[in-house]
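The values are calculated or read from the model by the stated rules, or taken from the named source; none is laboratory data. Nothing here was measured: the structure is a model prediction, and the numbers come from that model. Cβ placement follows ideal geometry from the backbone for every residue including glycine, while neighbour counts extend to all protein chains displayed. Note: areas computed on protein heavy atoms with side chains; ligands, DNA, RNA excluded. Shrake-Rupley method; radii C 1.70, N 1.55, O 1.52, S 1.80 Å.
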Amino acid sequence: MTRSAGWSSWCSPCQPTGMSNQKPDAARPSSPDSVAAPGADGGRRTGRSAEMAVAFPPPGVRPYPDPRPAGSAVSAASAMRLGLESAEAGTLMATLGMEVLERGAERTVVRMPVEGALQVAGTLHGGATAALVETAASVASRQAAPEGLVPVGAELQVSHLRPVYRGWVTAVAVPVHRGGRTAVYEVSISDEDGRLVGRGTLRSLFT
């Protein structure tokens with residue numbers, strides 16, 4: 001079968017160079033079935049691939065990054081449980097100057113300075129007390145959480161029993177209920193003289 005002078009030497013509908021009557025030179029194979037020559041990447045490529053724009057990357061090359069790099073959201077739950085102690089910096093705990101004195105599923109102790117957490121009347125702000133209750137109970141719940149799960153607060157109840165004007169207040173959280181899906185902690189808050197100034201409970205869900 002003879003080619004027309006107006007057709008290229010390859011006669012391929014995919015050839016990007018268009019139709020030409022240019023004769024192939026010595027470096028170009030005369031047929032698309034010619035023997036492949038080694039490429040610069042160590043693979044095999046034919047004379048056609050050297051001439052044409054290829055729409056696919058060379059074998060062994062990943063065109064896209066790994067969709068699940070280390071530290072991605074896939075492992076966020078386990079990373080959160082293991083590293084939350086160091087992640088407490090920069091949170092409301094740091095803003096209110098809270099300090100964790102004891103950390104455990106059966107007993108957690110957190111204290112907070114009254115200074116910087118006052119209301120306009122000069123007493124400890126009720127919102128700061130509530131934050132201390134939830135913080136102490138949450139720290140304890142993290143220690144009680146099943147492997148691979150983290151607690152999130154679902155219900156908070158707080159009672160303010162006595163005003164505090166200065167010094168530190170200390171919260172002690174102990175479990176009322178510890179289950180596979182939920183935990184309930186009771187928190188007692190006392191002043192520097194050991195007087196009970198507030199109480200609260202937090203129910204958490206393990207997710």
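Worth a mention:
- In this structure the amide hydrogen of Arg103, modeled in the peptide plane, comes within under 5 Å of the amide hydrogens of Val109, none closer than 5 places in sequence on its chain.
- Our coupling estimate for region 149-164, obtained by passing each phi through the Karplus curve with A = 6.51, B = -1.76, C = 1.60 and θ = phi - 60°, is 10, 10, x, 10, x, 10, 8, 10, 10, 9, 10, 9, 9, 8, x, 10 Hz, Gly and Pro reported as x.
- 3J(HN,Hα) couplings calculated from phi for region 99-108 with the Karplus curve 6.51 cos²θ - 1.76 cosθ + 1.60 (θ = phi - 60°) are, in sequence order, 10, 8, 8, 8, 10, x, 6, 8, 6, 10 Hz; Gly and Pro show x.
- Element breakdown for region 101-207 at a 1.4 angstrom probe: carbon and sulfur atoms account for 48% of the accessible area.
- Hypothetical label at Val174: residues of region 185-207 whose amide nitrogen lies under 18 Å (7 Å Cα-Cβ projection): 185-191, 194-203
- Two-decimal log10 I(q)/I(0) for region 113-207, as the Debye equation yields it once each C-alpha is a single scatterer, q = 0.12, 0.19 Å⁻¹: -0.38, -0.80
- A simple packing score, the average count of other Cβ atoms within 10 Å per residue, orders the peptides 105-112, 142-149, 89-96 as 105-112, 142-149, 89-96, with the highest score first.
- Taking amide hydrogens as placed 1.01 Å from N in the peptide plane, the amide H of Val164 sits under 5 Å from those of Leu124, each at least 5 positions away in sequence or on another chain.
- Taking amide H positions as modeled 1.01 Å from N, with prolines and chain starts lacking one, the residues under 5 Å from Val169 and 5 or more places away or on another chain are Met112, Val114.
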